[in-house]
Amino acid sequence: MSRILSGIRPTGTLHLGNYLGAIQQWIELQTKHDVFYMVADLHAITTPYKPEELQNNIRNTVLDYLAAGLDPEKATIFVQSHVPEHSELMWLLGTITPVGELQRMVQFKEKSEQHKDFNQAGILNYPILMAADILLYKAMSVPVGDDQNQHVELARDLAKKFNREYGQTFPEPKAILTSGKRIMDLADPEQKMSKSLGGGIGLNDSPEEIAKKLKKAVTSSEPKVIRDAMHAAQNSHRATIDAWTGDPNLLKQFHGVRNLFTILFAVADRDTAVKWQTAAEDGTLKFSEFKPALAKAIADHFALFRERREVLASDTAHLDEIIADGAVKASIAAKQTLTEVQQKMGLR
């Protein structure tokens with residue numbers, strides 16, 4: 001049974017992109033592998049955040065994990081900062097990490113540009129912490145999106161370098177590119193869905209909230225755009241800009257419609273999906289009718305999630321117990337690895 005690690009930053013309740021892009025796959029993996037799923041709160045503080053909201057966001061993320069179907073009996077679910085070995089291993093790995101490798105990271109460049117007033121060392125060192133997360137548990141596989149693949153490559157390089165300089169210690173982790181859907185922001189469909197952009201659908205959103213958010217989603221009145229976007233959603237969950245060969249001015253509309261059909265195909269029953277697929281094909285689709293139907297499909301799909309979450313949230317003692325137990329389980333593996341690393345580096 002191979003070991004797998006993954007995590008999500010606690011920046012609020014999880015959204016549709018988190019679920020369809022990652023959590024859905026995590027649920028499948030927990031039945032076949034030794035899995036560690038963390039709430040990546042140390043990563044969350046590398047960009048601007050509100051300290052007074054962080055604890056609530058952490059607990060909300062754990063609630064979302066559990067309500068979505070992650071099982072603490074099958075998976076080690078824990079909060080990253082509750083296992084201090086993450087930070088210590090990060091420091092030790094930092095002693096063998098070339099600064100140039102960090103500076104060439106695409107996400108470092110993007111985050112530095114995005115947060116010019118918060119361009120701190122944490123953004124630069126983010127990949128070392130991610131490498132520490134992975135190597136601390138000697139994970140062999142890491143489910144990630146395309147934007148995190150470069151970080152897993154660094155973790156692999158650091159594993160090789162450490163093994164070469166101090167003796168065989170770490171397996172060389174490999175990225176598992178998530179097989180889930182790539183869900184884009186409703187208002188800016190050329191960007192991944194996120195809470196910060198304002199076009200995200202929360203898993204715990206009410207049917208009314210979902211319908212309200214979908215009203216603002218980018219669409220098109222061009223039958224060709226609608227048809228081609230539907231085909232792109234049908235054929236590939238990672239359709240890129242290259243999938244649109246028409247008027248460049250309609251690119252945003254293409255991605256907006258493709259995104260809505262990607263969501264539809266992921267959450268709707270077959271009859272509903274076929275109905276709107278046919279309407280797109282023959283040029284009769286009306287978004288004034290499609291958006292409410294999609295809102296209902298999303299709300300129905302996550303009805304059980306909302307019910308489970310409400311029950312879980314009402315029992316704070318049980319949630320505290322799950323969080324504490326997860327830290328204990330994660331710490332057992334983490335302490336063992338850190339001690340081994342310290343001994344090989346001459347620190348013990």
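The values are calculated or read from the model by the stated rules, or taken from the named source; none is laboratory data. Here the structure is a predicted model, which is why all the values come from computation and not from measurement. Cβ coordinates were reconstructed from backbone atoms using ideal geometry, including for glycine residues, and neighbour counts include every protein chain displayed. SASA here: full protein model, heavy atoms, side chains in, ligands and nucleic acids out. Shrake-Rupley method; radii C 1.70, N 1.55, O 1.52, S 1.80 Å.
Restricting ALA266, ALA232 to residues that are surrounded by 19 or more Cβ atoms within 10 Å (Cβ to Cβ), aliphatic (A, V, I, L, M), assigned to a helix (DSSP H, G or I) and free of Cβ contacts under 8 Å to residues at least 60 places away in the same chain narrows the list to ALA232. Across the stretch 6-23, which residue is modelled with the lowest pLDDT among those that are open to solvent by 20 Å² or more (accessible area, probe 1.4 Å) and assigned to a loop (DSSP other than H, G, I, E, B)? The residue in question is THR13. Quick one: is ILE45 open to solvent by 40 Å² or more (accessible area, probe 1.4 Å), more than 23 Å from VAL328 (Cβ to Cβ) and of a type in the set (A, V, I, L, M, F, W, C)? Against the criterion (open to solvent by 40 Å² or more (accessible area, probe 1.4 Å), more than 23 Å from VAL328 (Cβ to Cβ) and of a type in the set (A, V, I, L, M, F, W, C)), ILE45 qualifies. A search for C-beta distances below 8 Å between a residue of the stretch 293-305 that is surrounded by fewer than 19 Cβ atoms within 10 Å (Cβ to Cβ) and any residue that is among the hydroxyl-bearing types (Ser, Thr, Tyr) and in a helix (DSSP H, G or I), counting only pairs 6+ apart in sequence or on different chains, returns ALA293/THR272. Counting residues in the stretch 282-297 that are under 30 Å from VAL35 (Cβ atoms), modelled with pLDDT of 95 or more and part of a helix (DSSP H, G or I) gives one or more. Annotation: LEU66 fulfils all but one of (1) surrounded by fewer than 23 Cβ atoms within 10 Å (Cβ to Cβ); (2) in contact with a Leu (Cβ under 9 Å, 6 or more places away or on another chain); (3) not in a helix (DSSP H, G or I); the unmet one is (3).
Quick one: would you say VAL274 is in a helix (DSSP H, G or I), within 22 Å of LEU16 (Cβ to Cβ) and open to solvent by less than 80 Å² (accessible area, probe 1.4 Å)? Criteria met by VAL274.
On the given criteria, is THR31 among the hydroxyl-bearing types (Ser, Thr, Tyr) and either open to solvent by less than 10 Å² (accessible area, probe 1.4 Å) or without any contact (Cβ under 8 Å) to a residue 60 or more places away in the chain (or both)? Against the criterion (among the hydroxyl-bearing types (Ser, Thr, Tyr) and either open to solvent by less than 10 Å² (accessible area, probe 1.4 Å) or without any contact (Cβ under 8 Å) to a residue 60 or more places away in the chain (or both)), THR31 qualifies.
Restricting attention to the stretch 327-344, the residues being out of contact with any strand residue (DSSP E or B) (no Cβ under 9 Å at 6 or more places or on another chain) and either open to solvent by 20 Å² or more (accessible area, probe 1.4 Å) or within 16 Å of VAL35 (Cα to Cα) (or both) number 8.
Free of Cβ contacts under 8 Å to residues at least 24 places away in the same chain and either within 13 Å of ILE323 (Cα to Cα) or hydroxyl-bearing (Ser, Thr, Tyr) (or both): does that describe GLU52? No: the conditions fail for GLU52. Sub-8 Å Cβ pairs linking a first residue in the stretch 88-108 that is open to solvent by 80 Å² or more (accessible area, probe 1.4 Å) and part of a helix (DSSP H, G or I) to a second residue that is at pLDDT 95 or above and not β-branched (Val, Ile, Thr), at least 6 apart or interchain, are GLU88/LEU338, ordered by first then second residue. Test ALA303 against the criterion of being within 21 Å of SER206 (Cβ to Cβ) and either among the aliphatic types (A, V, I, L, M) or out of contact with any His (no Cβ under 6 Å at 6 or more places or on another chain) (or both), and give yes or no. Criteria met by ALA303. Do the conditions hold for GLY246, that is, is it at pLDDT 95 or above, more than 22 Å from the chain's Cα centre (by Cα) and not in a helix (DSSP H, G or I)? Against the criterion (at pLDDT 95 or above, more than 22 Å from the chain's Cα centre (by Cα) and not in a helix (DSSP H, G or I)), GLY246 does not qualify.
In the stretch 69-87, the residue that is surrounded by the fewest Cβ atoms within 10 Å (Cβ to Cβ) out of those that are outside any helix (DSSP H, G or I) and of a type in the set (Asp, Glu) is GLU73. For the stretch 30-42, the count of residues that are at pLDDT 95 or above and assigned to a helix (DSSP H, G or I) is nonzero. Here LEU102, LEU93 are screened, and the one residue that is modelled with pLDDT of 95 or more, touching a helix residue (DSSP H, G or I) at 6+ places or on another chain (Cβ under 6 Å) and not charged (D, E, K, R) is LEU93.
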